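Before any comments, here is the structure.
The values are calculated or read from the model by the stated rules, or taken from the named source; none is laboratory data. Note that the structure is a prediction, hence the values are computed from the model and not measured. Here Cβ is always computed from backbone atoms with ideal geometry, including for glycine, and neighbour counts include all displayed protein chains. Note: accessible area is taken over every heavy atom of the protein model, side chains too, but ligands, DNA and RNA are not part of it. Shrake-Rupley method; radii C 1.70, N 1.55, O 1.52, S 1.80 Å.
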Amino acid sequence: MTAPLWKGRFSKAPSEALAELSRSIQFDQRLWPHDIAATRAHAGNLRRAGLISEVEEVELSQALDRAVEAFSGGSFRFDPSDEDIHSAVERFLIDELGDLGARIHAGRSRNDLVVTDLRLWLKDVIPEIAEGVHSLQEALLGQASAHPDTLAPGYTHLQRAQPILLAHHLLAHAFALARDFDRLRGAYRRADVSGLGAAAFAGTTLPLDPVQTASDLGFRGVFDNSADAVGSRDFALEFLSAAAILAVQLSRLGEEFVLWTSSEFGFVQLDDAFSTGSSIMPQKKNPDVAELVRGKSARVIGDLVHLLGVVKGLPMAYNRDLQEDKEPVFDAADSVRLCLAALAGTVETLAFNVERLEAAARERASGATDLAEALVKDGVPFRHAHQAVGKLVAMAAARDKDLADLTAGELQEAHPNLSLGMLELLDARRSVASRASHGGTAPEQVEAQRARLEEILGEQRSWLQSARPGR
Ligand code: ARG
C-alpha cells in the first residue's frame, strides 16, 4: 500500500494486517461533509494566525469545494493509503495543492478532528430523529383524536384490568415518546460543543483560536479542557442511551401491534402498505413492521453496551479504541430512523375494530374496583371492601354467572352494604366516566391530556425549527 501520512519515523510500511485493522474509512467516510466543514474552519484559523495567506485560504477553500463536488457526485477517488476520512481529505488537498495542502494539518490532530466531525454529524442527525419521534406522537394523537370515546380494555400483567378510553392508552405512548424527544434534545445540547483546536490532546504551540473555529462551525460552545475534548465520549454515550431508551419504547409499541392484530385480540388492522404476507401461507397478513422494530431495539441496546464497554477502561486522553465509537452511533441512528418512519406510517393507517375493543372493555368483572370504591364512599375500610368484592367475584365464578347477574341476596352475602343498584357501576362507560382523577381515563381528563400533548408538540416544533433552520 501507499505510505500513510504519518510515515516519517518508520522505515517500513505497515503490514497488510495492521493496515486492515487500522482502517476506518469504510464506515467513517460518511463524515465527509463534516470533515470538510471542520477543515475549512481550520484553514480560516490558520489564516488568522498568519500561518497561511488570504489567497492561500481561498485556494484551500476552493479545493475543498472540489472535494464536496467529488464526494457528493460519487467521484471522489480514495487512495489505498486513506486510512480514515481525515487522511483522505488531507491527502486530497495535498494532491490538489502540493505544499499548501501539506500546511492544513498544522495545530490540529485527527483526535480533535474526529470528535468534532462526530459532534457535527450528531447535530445533523439528532434533530432528524427527534422529528421522527415528533411525527410518531402526532400519529398517535391523530388516532386518539379520531377515537375520543372508544372504549378499550386496559391491562396490567396483560390481564384485563379496567375499562379505559382507547385515546387514553394511545396518549400513554405519546407521553412516553415526549420524554424520548426531550432526552434527544439533551443529547443534542451536550453534542453541541466543538473539540477542534484541542490538537492531539494538550493544545498547540501555534497561535490558533478554538473559540473562533467553534463559532465558525456553529457550535454553542467550545471544550474547556483539551484532554477531555479528545478523550471523552459521554456525548456519544448520551445519544446512544437516548436512542436505546427510545428503541425500547418503540419495541413496546410494536409488541402491542403484534398482540392487537392477532385473531385472539382482533383489536386493530394494519394497512396493507404496512403489513407483509407469508411466502407459503396465502392467507397470512403479518405485522412485520412491529416485529422488526422489536428486533431492532436489541441492536440499539447492543450499540449502547458496545460503546460503554469501549470507554470503560480507558485512561485519559485519546486511545485508539475510541475508533470503535462511530459504528454503534451510526447503527443506532440508522436503526431508530427506520423504525420511527415505519411506525409513524403504521399508526397513521391503523384501523381499529371498535366493536371488539368495546366488547372486551365491557367484561363486567373489570368493574370490581368501582364496586370496592363505592363501598369506601359508604364508609367501609378499603381492605374490607376489597375482600368483599373479591368474594363476590369468586361467588359469581363458582356459580358461572356474570357479576351483573348476581341477586340481592348474593350481594348481601358478600357485604351488607352491597345493593342491586350498585351493579350499575359495572357499566364500562360509566366506570370510565367516573375515573376523573388527574391524568385518569375519564373523557374530560383525556381531553386535558390531549391539550397538554398539543402544547408539548408545539414546543417540539419550535425546537426543531431552531435546530434545523431552513427546513
Ligand atoms: N480514525 C481515527 C478514529 O476514528 C482517527 C483518530 C486517529 N488518531 C490516532 N492518533 N491514530 O478515532
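A few points about this structure:
- Per-peptide average of other Cβ atoms within 10 Å, ordering 436-445, 398-407 highest first: 436-445, 398-407
- The alpha carbon centroids of region 1-21 and region 37-111 are separated by 21 Å.
- Kirkwood Rh, angstrom, region 58-158 [1 / mean 1/r, Cα pairs]: 17.9 Å
- Amide H within-cut-off set for V222, under 5 Å, with H built and near neighbours excluded: S194
- Largest-first ellipsoid semi-axes for the chain, taking √(5λ) over the Cα gyration tensor eigenvalues, angstrom: 61, 22, 20
- Between helix 54-73 and the chain: long-axis angle, C-alpha atoms, 0 to 90°, nearest 10: 50 degrees
- If the Kirkwood radius is taken over C-alpha pairs of region 348-462, then at 20 °C and 1.002 mPa s the Stokes-Einstein diffusion coefficient equals 132 µm²/s.
- Taking Lys and Arg as +1 and Asp and Glu as -1, the other residues whose beta-carbon sits under 10 Å from that of P328 total -3.
- Share of pairwise Cα separations in region 287-402, more than 16 Å, in percent: 76 percent
- Helix 326-348 axis versus longest C-alpha principal axis of the chain: approximately 40°, rounded to the nearest ten.
- Percentage of interatomic Cα-Cα distances in region 99-150 larger than 17 Å: 63 percent
- Computed from Cα atoms, the angle from the helix 166-191 axis to the main principal axis of the chain rounds to 20 degrees.
- Every pair of different Cα atoms in region 169-255 enters the Kirkwood calculation, which places the hydrodynamic radius at 14.9 Å.
- Shape descriptor for region 64-104: Rg over Rh equals 0.95 (Cα atoms; Rh from the Kirkwood inverse mean 1/r).
- The 1.4 Å probe gives accessible areas that order K12, K326, largest first, as K12, K326.
- Along region 210-226 the Karplus relation, 6.51 cos²θ - 1.76 cosθ + 1.60 evaluated at θ = phi - 60°, assigns HN-Hα couplings of x, 5, 5, 5, 4, 6, 4, 8, x, 7, 5, x, 10, 4, 8, 9, 5 Hz to successive residues, with x for each Gly and Pro.
- Integer Hz, Karplus 6.51/-1.76/1.60 couplings in order for region 194-206, x for Gly and Pro: 6, x, 6, x, 6, 6, 4, 4, 10, x, 9, 7, 7
- In the chain, the calculated helix contribution to ellipticity at 222 nm averages -20000 deg cm²/dmol per residue, counting -39,500 (n - 2.57) for every DSSP H run with n ≥ 4.
- Heavy-atom surface of the chain, accessible at 1.4 Å and reported per residue (Å²): 47 Å²
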